[in-house]
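The values are calculated or read from the model by the stated rules, or taken from the named source; none is laboratory data. All values derive from a computational prediction rather than experimental measurement. So basically every Cβ, Gly included, is an ideal-geometry build from the backbone, and we count neighbours across all protein chains shown. Areas reflect the complete protein model, heavy atoms only, side chains present, ligands, DNA and RNA absent. Shrake-Rupley method; radii C 1.70, N 1.55, O 1.52, S 1.80 Å.
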Amino acid sequence: MANTKPIGVAYTDQDIVGADNILSSGSLGYTADAQGTVTQATSKSTAVTLNKSAGQITMNNAALASVTNVTFTLNNSLISVNDIVILNVAAGATAGAYNCWVSGLSAGSVSITLRNISGGSLSEAVVINYSLIHNV
């Protein structure tokens, strides 16, 4: 994008409205202020609230039986019905023991499901990373 907005002796090229492409030779993501953390209080199905565009959810360390799902709600005032939520298991977990996915989305919240795919019951404080892709 060309430098097109004169502001004295310098130019600003921060306005990307109407751009067809956004290219980066480095990182693309959220600033530290847009990220946060939250911990479930009482069980793996307890709802949490974190009003940030990206963050980490530390789940309760209650037991989750083998081949079992648990669903909880992330309340987040930034989420709209047009957004995309990206999830991954980050830490606190036996490697390869869990799958996680978005099982429902509404304005202000998302339902997240975690499944124990291991051969036994696990009692771990699984950490899930999430990031929002905001869409108009």
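Can you tell me which residue among V102, V81, V136 is without any contact (Cβ under 8 Å) to a residue 24 or more places away in the chain, under 27 Å from L28 (Cβ atoms) and open to solvent by 50 Å² or more (accessible area, probe 1.4 Å)?
Working: V81 fails: without any contact (Cβ under 8 Å) to a residue 24 or more places away in the chain; V136 fails: without any contact (Cβ under 8 Å) to a residue 24 or more places away in the chain.
Checking each option against the conditions leaves just V102.
Which residues, taken from segment 27-39, are assigned to a loop (DSSP other than H, G, I, E, B) and either β-branched (V, I, T) or open to solvent by less than 60 Å² (accessible area, probe 1.4 Å) (or both)?
From segment 27-39, those assigned to a loop (DSSP other than H, G, I, E, B) are 27-31; that's our starting set.
Answer for segment 27-39, where residues must be assigned to a loop (DSSP other than H, G, I, E, B) and either β-branched (V, I, T) or open to solvent by less than 60 Å² (accessible area, probe 1.4 Å) (or both): just T31.
State yes or no: is S109 under 22 Å from L28 (Cα atoms), hydroxyl-bearing (S, T, Y) and under 16 Å from the mean Cα position of the chain (by Cα)?
Details: under 22 Å from L28 (Cα atoms): no; hydroxyl-bearing (S, T, Y): yes; under 16 Å from the mean Cα position of the chain (by Cα): yes.
Taking the combined requirement at face value, the residue does not satisfy it.
Go through segment 110-133 and give me each residue that's open to solvent by 20 Å² or more (accessible area, probe 1.4 Å) and not β-branched (V, I, T).
Answer for segment 110-133, where residues must be open to solvent by 20 Å² or more (accessible area, probe 1.4 Å) and not β-branched (V, I, T): S111, R115, S118, G119, G120, S121, L122, S123, E124, A125, N129, S131.
One residue is enough: does segment 113-121 have a residue meeting the conditions under 20 Å from Q35 (Cα atoms) and either out of contact with any Asp or Glu (no Cβ under 9 Å at 6 or more places or on another chain) or in contact (Cβ under 8 Å) with a residue 60 or more places away in the chain (or both)?
To start, the set of residues in segment 113-121 that are under 20 Å from Q35 (Cα atoms) comprises none.
Looking through segment 113-121, none of the residues is under 20 Å from Q35 (Cα atoms) and either out of contact with any Asp or Glu (no Cβ under 9 Å at 6 or more places or on another chain) or in contact (Cβ under 8 Å) with a residue 60 or more places away in the chain (or both).
Just checking, does segment 45-56 include any residue being touching a residue at least 60 places away in the same chain (Cβ under 8 Å) and touching a Leu at 6+ places or on another chain (Cβ under 6 Å)?
Scanning segment 45-56, I find at least one residue that is touching a residue at least 60 places away in the same chain (Cβ under 8 Å) and touching a Leu at 6+ places or on another chain (Cβ under 6 Å), so the answer is yes.
Would you mention how many residues in segment 84-99 are closer than 18 Å to V127 by Cα and open to solvent by 40 Å² or more (accessible area, probe 1.4 Å)? Can you show your working first?
First, the residues of segment 84-99 that are closer than 18 Å to V127 by Cα: 85-99.
Next, only the ones that are open to solvent by 40 Å² or more (accessible area, probe 1.4 Å) stay: 86, 88-92, 94-96, 99.
Residues flagged as closer than 18 Å to V127 by Cα and open to solvent by 40 Å² or more (accessible area, probe 1.4 Å) within segment 84-99 amount to 10.
I'd like the residue in segment 40-89 that is assigned to a strand (DSSP E or B) and over 13 Å from the mean Cα position of the chain (by Cα) and, out of all such residues, is farthest from S118 (Cα to Cα). Steps first, answer last, please.
Let us first name the residues in segment 40-89 that are assigned to a strand (DSSP E or B), namely 48-49, 54-58, 64, 68-75, 84-89.
When the remaining residues are screened for being over 13 Å from the mean Cα position of the chain (by Cα), the result is 64, 68-72.
Working: L64: 10, T68: 9, N69: 12, V70: 14, T71: 17, F72: 20 Å.
Restricting to residues being assigned to a strand (DSSP E or B) and over 13 Å from the mean Cα position of the chain (by Cα), the top hit is F72.
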